[in-house]
Amino acid sequence: MDELSLDYDHTELGGDFGGLDDPNFRAMNPHGKVPVIDDGGTVVWESHAILRYLASRYGEGIVWSADPREQSFSDRWMDWSLSRLQPDFMDLFWGYYRTPEPKRNWDFIKDAQQRCADDFVLLDTHLAGQPFLAGETFTVGDVPAGTALFRYFSLEIEYPDVPNVRAWYARLQERPGYRAHVMLPFDDMKGKETF
Ligand SMILES: N[C@@H](CCC(=O)N[C@@H](CS)C(=O)NCC(=O)O)C(=O)O
């Protein structure tokens, strides 16, 4: 929403904030998960559905293209993030960072770390020829994979050599929305196995 200069009110729910089981919230999202948006009565849940809704409704020519071919360059990376990168990174993040040290399963962690490395090497090859995932400019397609970078590169683990991903990460960090909403401290999650 910051990328699109939209005004909004943000209510924190879940984790220490609670509220996910409140009937009013469940009426908005029966799954009881965040994020959820309410855009003048249009309620949308699932983060990628929210991204597509906002981008197509308010971001045409900014982060979204009405041309299906052009939009597909962005879209494929959103779906790849959902089906591949995010599950791999969640395995690493939960297996390593969110599991207390004595309980860590190192075979699982090493496997997840390797899968993430493979994912980022693949991204690195793609980004060798262009600054953003869909081409020359930032689009909605950069958001899902881009948001994983902050936590991944904050873990202080062994990383593959991915200069193009790091350059893309540096470009994202120049964006105020990324700094304000993605680069948030997460130390309180270390060794915390519950939401
Ligand atoms: N696939 C969903 C995942 C939603 C989800 O798992 N949200 C988490 C936070 S990232 C949540 O609400 N956790 C609180 C809980 O389950 O208590 C999406 O992308 O929106």
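So the values come out like this:
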read-out: Label-zone membership for the stretch 65-82, site residue 56, 7 angstrom Cα→C-beta point, backbone N under 15 Å; value: 65-76, 78-79
read-out: Inter-label distance for residue 125 and residue 48, nm, one decimal - labels placed 7 Å from Cα along Cα-to-Cβ; value: 2.1
read-out: Rg over Rh [alpha-carbon atoms, Kirkwood Rh] for the chain; value: 0.97
read-out: Two-site label geometry, residue 11 and residue 110: point separation in nm, points 7 Å out along Cα→Cβ; value: 4.7
read-out: Summed residue charge, Cβ within 14 Å of residue 2's Cβ, Lys/Arg positive, Asp/Glu negative; value: -3
read-out: Low-density loop cleavage sites - chymotrypsin sites (Phe, Trp or Tyr not before Pro) in the stretch 1-110, where at most 15 other Cβ are within 10 Å (DSSP); value: 8
read-out: Which of 133, 27, 51, positive extreme of dipole for the chain (C-beta unit charges); value: 133
read-out: Gyration tensor (alpha-carbon) shape descriptor, the stretch 91-195, a/c threshold 1.5; value: oblate
read-out: Nearby aspartates and glutamates by direct alpha-carbon distance to residue 110 (threshold 15 angstrom, same-chain neighbours under 8 apart not counted); value: 88, 91, 101, 118, 119, 156, 158
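None of the figures in this text is laboratory data; all of them are computed from the coordinates on show. Computed from a prediction, not measured in an experiment: that's the story for all the values here. Counting neighbours? That spans all protein chains shown, and the Cβs are built from the backbone with ideal geometry, glycine included.
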